[in-house]
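Structure, as structure tokens:
The values are calculated or read from the model by the stated rules, or taken from the named source; none is laboratory data. Quick caveat, the model's predicted, so the values are computed rather than measured. Note: ideal-geometry Cβ built from the backbone for every residue, glycine included; neighbour counts use all protein chains shown. Side chains included, ligands, DNA and RNA excluded: accessible areas come from the protein's heavy atoms. Shrake-Rupley method; radii C 1.70, N 1.55, O 1.52, S 1.80 Å.
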There are 4 protein chains.
Amino acid sequence: FDVLSDRARELGLRLGAINPNLFQEPEYKLGSLCNPDPSVRRRAVEHIGECIDVAARVGSDAISLWLADGTNYPGQDSLAARRRRLLDALHEVYGALGENMELLVEYKLYEPAFYATDLADWGSALLVCQELGDRANVLVDLGHHAQGVNIEQIVSLLHGAGRLGGFHFNDRKYGDDDLIVGSIDPFQLFRIFYELVDAGAVESGVRLTIDQSHNVEAKIEAMIQSVLNLQEAYAKALLVDRAALAAAQAEGDVLAANRVLVDAFSTDVRPVCAKVREDLGASADPIAAFRASGYAERAASERAHGTAAAWL
Amino acid sequence: FDVLSDRARELGLRLGAINPNLFQEPEYKLGSLCNPDPSVRRRAVEHIGECIDVAARVGSDAISLWLADGTNYPGQDSLAARRRRLLDALHEVYGALGENMELLVEYKLYEPAFYATDLADWGSALLVCQELGDRANVLVDLGHHAQGVNIEQIVSLLHGAGRLGGFHFNDRKYGDDDLIVGSIDPFQLFRIFYELVDAGAVESGVRLTIDQSHNVEAKIEAMIQSVLNLQEAYAKALLVDRAALAAAQAEGDVLAANRVLVDAFSTDVRPVCAKVREDLGASADPIAAFRASGYAERAASERAHGTAAAWL
Amino acid sequence: FDVLSDRARELGLRLGAINPNLFQEPEYKLGSLCNPDPSVRRRAVEHIGECIDVAARVGSDAISLWLADGTNYPGQDSLAARRRRLLDALHEVYGALGENMELLVEYKLYEPAFYATDLADWGSALLVCQELGDRANVLVDLGHHAQGVNIEQIVSLLHGAGRLGGFHFNDRKYGDDDLIVGSIDPFQLFRIFYELVDAGAVESGVRLTIDQSHNVEAKIEAMIQSVLNLQEAYAKALLVDRAALAAAQAEGDVLAANRVLVDAFSTDVRPVCAKVREDLGASADPIAAFRASGYAERAASERAHGTAAAWL
Amino acid sequence: FDVLSDRARELGLRLGAINPNLFQEPEYKLGSLCNPDPSVRRRAVEHIGECIDVAARVGSDAISLWLADGTNYPGQDSLAARRRRLLDALHEVYGALGENMELLVEYKLYEPAFYATDLADWGSALLVCQELGDRANVLVDLGHHAQGVNIEQIVSLLHGAGRLGGFHFNDRKYGDDDLIVGSIDPFQLFRIFYELVDAGAVESGVRLTIDQSHNVEAKIEAMIQSVLNLQEAYAKALLVDRAALAAAQAEGDVLAANRVLVDAFSTDVRPVCAKVREDLGASADPIAAFRASGYAERAASERAHGTAAAWL
């Protein structure tokens, strides 16, 4: 752990949040913090406690909690009782946090629970954070909403309530597909960044992380592509002519206001993003640089077995 | 108004909530309480003020607020600014309520606003109620959620947070279809009533109202059918063997617990509901009684014009 | 009619399809071509027959059929019987078409019917067209699908089956919102145009029409915006480096192939579209030109009454 | 194989369809029959060919094909080219079928492919079947549709087109959750059975199979529960007073027609189903009998390892 911590300091990196894993053991089949069995809940709380210790040692200042808890069938468990168990356990977890540590509470509509997820939407997660205290905030994963839900509005609401903790960026067409950020709906990504810029959230420390899963595409390249897409969405959000936008909005000029926003999105920011990367000493075209480096091939050949590696 | 109020007293009826109408006037095109124009917001607040006066005069103790406010295009207005306007206006409205009056705040995913509804989900409405005070509660319309959302869980959460104000009962397959209660998903209706019974909500004064719209079917008959369906869902919810359910849940016996719940739903409660109606001096078969009464035909023939009447 | 027809010829316009209206009369409450009452079906067929006559007189070569037919409640009518009535009626309609006339069959998931729409999806419409003959084709309205459905794939399938008749362009976030084309998901619009270009559909006469409804925004300006958005989507689709795309696809290079497509979308085509408009003798900036013309204000003041006009 | 085949004959069972597995090998990462690499397509066709041989040997008369084929990113592959590859490969497969063998073609909205599934809906599967010939039919899995889609209508349409091959029964609230049949929406299950009875589909050999996946509940008990739920849905569908229904439908009496259908659903058929089971020599209460048998415990203890077994 100390090596990891030192290495991060050397690289000037801020260590990310620690994510306790409370879903892969069979004992968590009926839930972790919401499990009807008190001994399972005890073990889950203790596991998070260990994660808090790890976080303290490696210098991470956040615990990011996604619970797989929920039920698959109506009647399987009492929704109200599960909620009470959840709050009781989280009070204990929250009390064990270091003074400067933040608890990020993630929500998800469904999966792995199929009938009722214990933290299914932002309102449910926000209520929990309010109960716990000031250092509990909501984490938004772009793939965890019902179809048709307006995510940028949720971002705005959470920021307004002082509870926007961070993001798991990815994209999806249907479920929680964990595709490359902005690969399905780049305009939505831009609108989210517009809200983030508007709220000063990028500067104020909202945690922006990527949470993807790559099955058919080269994994590292996909991750680089996500970073590029995030840079472009951010650059476009910075380009919005805020004075013109505010003026059109105040006049109730619906179409003029919409055009001001869309103008920024329609702008090709790839050249300016490449310039910024170069100015920062990075590659103007990181995908080409990565492909030229031969890293993926080397990594694949060094691992004797593993189809996953072969897909790099 | 006084006639109305007296007549209600005579009939032993509790007068329902008053619903201000803030969407049909062209001035509300860009919103009522969230409108960018302060003079429109002013007029909307005043209109609600008049409704509060009416409520006081007729003896109603609640204002039920559904806002059509929202935006149709990204950038049309500032989501954060609209939220602030909404809260400012509602603070004023809340201050004008009579001491024993309740403010019900309804939410709806979309329509008439198509891009971002200002009160789009229960979390959004709950936050408003928390800001206002103890007499502001959330109203749940069964048709106002994204597809796949677990409504009985929302009911349980709102009750747990002490903010379950009432219901607009109806059913739908896709959007906000306002069909007969329980006509598309009777099992969901039963699960909602199970939560209501479990929470003691029916007795404690949660306002249970029907909000339907009938286009192709006989209106009064449809309303009677809805009442019958509500009675049956309630009766089934009362039938659940709570001790057996709690025992199976405590043991983590998923299927046994599910079966206890489903057993109540599978029971044919039509005879017992008919018996209860008879005991209360009502008709055992209200649909047959209504059809036999010839009321629909009389009402239709008495109205010289109006296709709506002809569809009774 | 003759005046209309002559004027269209003068302007070099191809007259659009004629759209029979079979939903606003109360007699169509239970359906038009699928109505259980044969006399209503008869009237509906006759009304379409009159539309065919009008089409012939004004020089239109297509009937575009959107049916509001469907049921609101399970059991209301036999799904199979309604289907047979639909096919019988459409055989008659098809037989009455002029030799060079095309029948466009539109589908829609829901609304106004809430339980079961008689033509609810593309498969349902395609089956009808196959039964009728070569001049019956499917019309795709971008707002008429369930959430999450891949529309560009439907376009590709219909073209592959030789049955892609045309489009009603618009956009939506949730239901059938009829917003400005490309205003919610411009990347989807681009992908649809990529399929159209790939299939040679623009040149081969697929009917590209706009079907929007503007409630809060200036109507004519909204329509101009839609045309601009269509031009940009088309321009971007033309920009795709097809050779590079085919090569990456053949190699199974998922990310390189995706990048080729996205590169075209990321390009700012507004300047080149403005140039093309100018070359065609139109305005480089049609929105500015329209606003400068004062047309909207003039039209509004000339109409004595009508809030709709006031919103131009 | 011969042992299996003989044992099935002894038990009087009709052997189910054979399901080729074309998704777990890494070579199928970019698809099986639609893969851009012809050698992968060749291997997939050959694998299905082997399955056809197995089917012939064990006496199964159907191949049931669910393809995991699709793409995760726009541009990844040509939708049209993939379609052509699919049809070419299936022509070959179809040609290799025994004379009395049926090909069942399944569709699924999404997963594992996230952007575009090659057979995403019933229309897409039906077109394939039409191309292949009379012995290719569509298989409906209840969990494979977009939210809000009317499945019983698809059943009716497929039957009307002579292409209803069979079912994978299960239930879901959101995605493809593979829960116990009828556990989330028992009224929908009943409506599907109403269509099946109406179409004479149960008698005519439509293949009714269960396709579930049990994670938190006892597996065998869950399967027994599914069979009970199917029996009850079937029994209720048989109870519908078809003459009364037809009369109300013919009169356009929406609510009376709906009531006839709902009356059957509201009936408690558990006693009559238990009676029928007893008359057939089976247990009146198969769940109780299974629990009493101790089979689950024995099977679990006999397997030295395996948490899955422990969850029986």
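Run the Debye formula on the Cα coordinates of the protein assembly as shown, all scatterers equal and no solvent, and tell me log10 I(q)/I(0) at q = 0.04, 0.08 1/Å. Normalising to I(0) and taking log10 leaves -0.23, -1.01. Note on chain D: antiparallel DSSP beta bridges, both residues inside, total approximately 15 percent of the bridges counted. Under 5 Å from the amide H of C:F169 lie the amide H atoms of C:T209, C:I210, C:D211, each residue being 5 or more positions distant or on a separate chain, with H modelled from the backbone and absent for Pro and chain starts. Each Cα pair under 8 Å and six or more residues apart adds its sequence gap; the mean of these over the residue count of the stretch B:32-177 is a relative contact order of 21 percent.
Taking all protein chains into account, the per residue accessible area for the protein assembly as shown stands at 39 Å² (1.4 Å probe). Taking Rh as the Kirkwood radius computed over C-alpha pairs, what is the Stokes-Einstein D of the stretch B:113-168 at 4 °C in a medium of viscosity 1.567 mPa s, expressed in µm² per second? For these conditions, the coefficient is 110 µm²/s.
Straight-line reach from B:K236: taking Cα to Cα under 20 Å and skipping same-chain neighbours fewer than 8 places apart, the lysines in range are B:K275, D:K236. Ellipsoid semi-axes for the stretch D:72-156, based on the Cα gyration tensor and the rule √(5λ), read 22, 19, 9 Å when sorted largest first.
Only beta bridges with both residues in the protein assembly as shown are counted; by DSSP, about 15 percent of them are antiparallel. Couplings for the stretch A:83-96, taken from phi via the Karplus curve 6.51 cos²θ - 1.76 cosθ + 1.60 with θ = phi - 60°, read 4, 4, 4, 4, 5, 4, 5, 5, 4, 5, 4, 4, x, 8 Hz in order; Gly and Pro are left as x. Over all projection directions, the Cα-based convex hull of the stretch A:139-178 averages an area of 2.6 nm².
Compactness check for the stretch B:134-200: Cα Rg over 2.2 N^0.38 Å is 1.07. Each chain gives up part of its surface: D and B jointly bury about 2600 Å² of accessible area, both sides summed, for a 1.4 Å probe.
Of the three principal axes defined by the Cα atoms of the stretch C:158-288, the extents in descending order read 48, 33, 28 Å. Taking the inverse of the mean reciprocal distance over all distinct Cα pairs, the Kirkwood hydrodynamic radius of the stretch C:1-143 comes to 15.6 Å. Pairs of C-alpha atoms in the stretch C:197-237 farther apart than 10 Å represent 75 percent of all such pairs. Buried on complex formation within the stretch D:1-39 (loss of at least 30 square angstrom of accessible surface versus the isolated chain, 1.4 Å probe, ligands and nucleic acids ignored): D:P26, D:K29, D:L30, D:P36. Using the Kirkwood radius over C-alpha pairs as Rh, can you work out the diffusion coefficient of chain C via Stokes-Einstein at 4 °C, viscosity 1.567 mPa s, in µm² per second? Rounded to a whole number, D works out at 60 µm²/s. When a 1.4 Å probe is rolled over the protein heavy atoms, the share of accessible surface on the stretch D:50-184 that falls to carbon and sulfur comes to 46 percent. Stick to the Cα atoms of the stretch D:90-238, pair each with every other, and give me the Kirkwood hydrodynamic radius in Å at one decimal. Computed over Cα pairs of the stretch D:90-238, the Kirkwood hydrodynamic radius comes out at 15.9 Å. Using the Karplus relation 6.51 cos²θ - 1.76 cosθ + 1.60 with θ = phi - 60°, the per-residue 3J(HN,Hα) values for the stretch C:19-30 come to 10, x, 9, 10, 9, 8, 7, x, 5, 8, 3, 9 Hz, with x marking Gly and Pro. Residues of the stretch C:63-85 that bury at least 40 Å² of accessible area once all protein chains are present, compared with their chain alone (1.4 Å probe, heavy atoms only, ligands and nucleic acids left out), are C:N72, C:Y73, C:P74, C:G75, C:Q76, C:L79. If we count GluC sites (Glu not before Pro) as exposed when they sit in a DSSP loop and have at most 14 other beta carbons within 10 Å, what is the longest stretch of chain A that avoids them all? The longest uninterrupted stretch comes out as A:204-312. Karplus-based coupling profile of the stretch B:216-230, in residue order and whole Hz: 10, 10, 4, 5, 5, 4, 4, 5, 4, 4, 4, 4, 4, 5, 5, with θ = phi - 60° in 6.51 cos²θ - 1.76 cosθ + 1.60 and x standing for Gly or Pro. Over the stretch D:1-58, the hull volume per residue, using the convex hull of the C-alpha atoms, is 77 Å³. Taking a point 7 angstrom from the Cα of C:A288 along the C-beta vector, which residues in the stretch B:66-105 have backbone N less than 13 Å away? Inside the label zone: nothing. When the charge dipole of the stretch B:92-131 is built from unit charges on Cβ atoms (+1 for Lys and Arg, -1 for Asp and Glu) and taken about the Cα centre, the candidate among B:W122, B:V93, B:L109 whose Cα reaches farthest toward its positive end is B:L109.
For the pairs A:K173/B:K108; A:K108/D:K173; B:K173/D:K173; A:K29/D:K219; C:K29/C:K219; A:K108/A:K173, flag any whose C-alpha to C-alpha distance is greater than 18 Å. Cα-Cα > 18 Å for A:K173/B:K108; C:K29/C:K219; rest within.
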